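Presented below is the structure to which this report refers.
The values are calculated or read from the model by the stated rules, or taken from the named source; none is laboratory data. Note that this is a predicted model, so its numbers are computed, not measured. No Cβ is skipped: glycine too gets one built from the backbone with ideal geometry, and neighbour counts run over all protein chains shown. Keep in mind that these areas ignore ligands, DNA and RNA; they rest on the heavy atoms of the full protein, side chains included. Shrake-Rupley method; radii C 1.70, N 1.55, O 1.52, S 1.80 Å.
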Amino acid sequence: MTRSDLVEELATRFSQLTHRDAEQAVKTILDALGDALVRGHRIEIRGFGSFSINHRPPRMGRNPRSGESVAIPSKRVPHFKPGKALREAVDKRTEELESNPGT
């Protein structure tokens with residue numbers, strides 16, 4: 001699902017929202033999530049999952065073309081951990097789809 005698919009789904013489910021309003025809502029939510037992660041906050045959405053920042057320490061990598069060693073600096077990366085309800089729903093739905101491939 002892409003961002004535009006999400007906007008389309010939101011506009012379809014809530015007929016009182018115009019396409020522009022749905023687009024603004026999605027943009028606002030994603031901006032708020034990104035800003036919170038930049039500030040180092042943890043985001044928890046019950047039943048869905050949590051977003052946090054993981055720290056990756058510096059390491060030595062290898063340039064695949066030349067084979068020479070390259071120093072990779074430390075960095076902070078976003079991390080998503082699905083909630084129990086989401087994990088169980090995905091597992092159940094994929095089992096259903098695998099047992100009924102024609103639907």
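Table for the structure above
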{"quantity": "Filter result (closer than 25 Å to F51 by Cα and open to solvent by 70 Å² or more (accessible area, probe 1.4 Å)) within the stretch 11-30", "calculated": "E23, Q24, K27, T28, I29, L30"}
{"quantity": "Candidate set: the stretch 31-40, residues that are assigned to a helix (DSSP H, G or I) and either free of Cβ contacts under 8 Å to residues at least 40 places away in the same chain or among the hydroxyl-bearing types (S, T, Y) (or both); chosen: the one least open to solvent (accessible area, probe 1.4 Å)", "calculated": "A36"}
{"quantity": "Extreme residue, farthest from I43 (Cα to Cα), among residues of the stretch 53-103 that are in contact with a strand residue (DSSP E or B) (Cβ under 8 Å, 6 or more places away or on another chain) and of a type in the set (S, T, Y)", "calculated": "S69"}
{"quantity": "Selected residue (criterion: farthest from the chain's Cα centre (by Cα)) from residues of the stretch 51-82 that are assigned to a strand (DSSP E or B) and without any contact (Cβ under 8 Å) to a residue 12 or more places away in the chain", "calculated": "S69"}
{"quantity": "Checking S99 against (1) exposed (fewer than 10 other Cβ atoms within 10 Å of the Cβ); (2) modelled with pLDDT of 95 or more; (3) within 25 Å of M1 (Cα to Cα), the condition it does not meet", "calculated": "(2)"}
{"quantity": "Unmet requirement for N54, which otherwise passes all of (1) open to solvent by 100 Å² or more (accessible area, probe 1.4 Å); (2) in contact with a His (Cβ under 6 Å, 6 or more places away or on another chain)", "calculated": "(1)"}
{"quantity": "Any hit, the stretch 8-16, residues being assigned to a loop (DSSP other than H, G, I, E, B) and among the polar types (S, T, N, Q)", "calculated": "yes"}
{"quantity": "One residue from I43, I72 being open to solvent by less than 70 Å² (accessible area, probe 1.4 Å) and touching a Gly at 6+ places or on another chain (Cβ under 6 Å)", "calculated": "I72"}
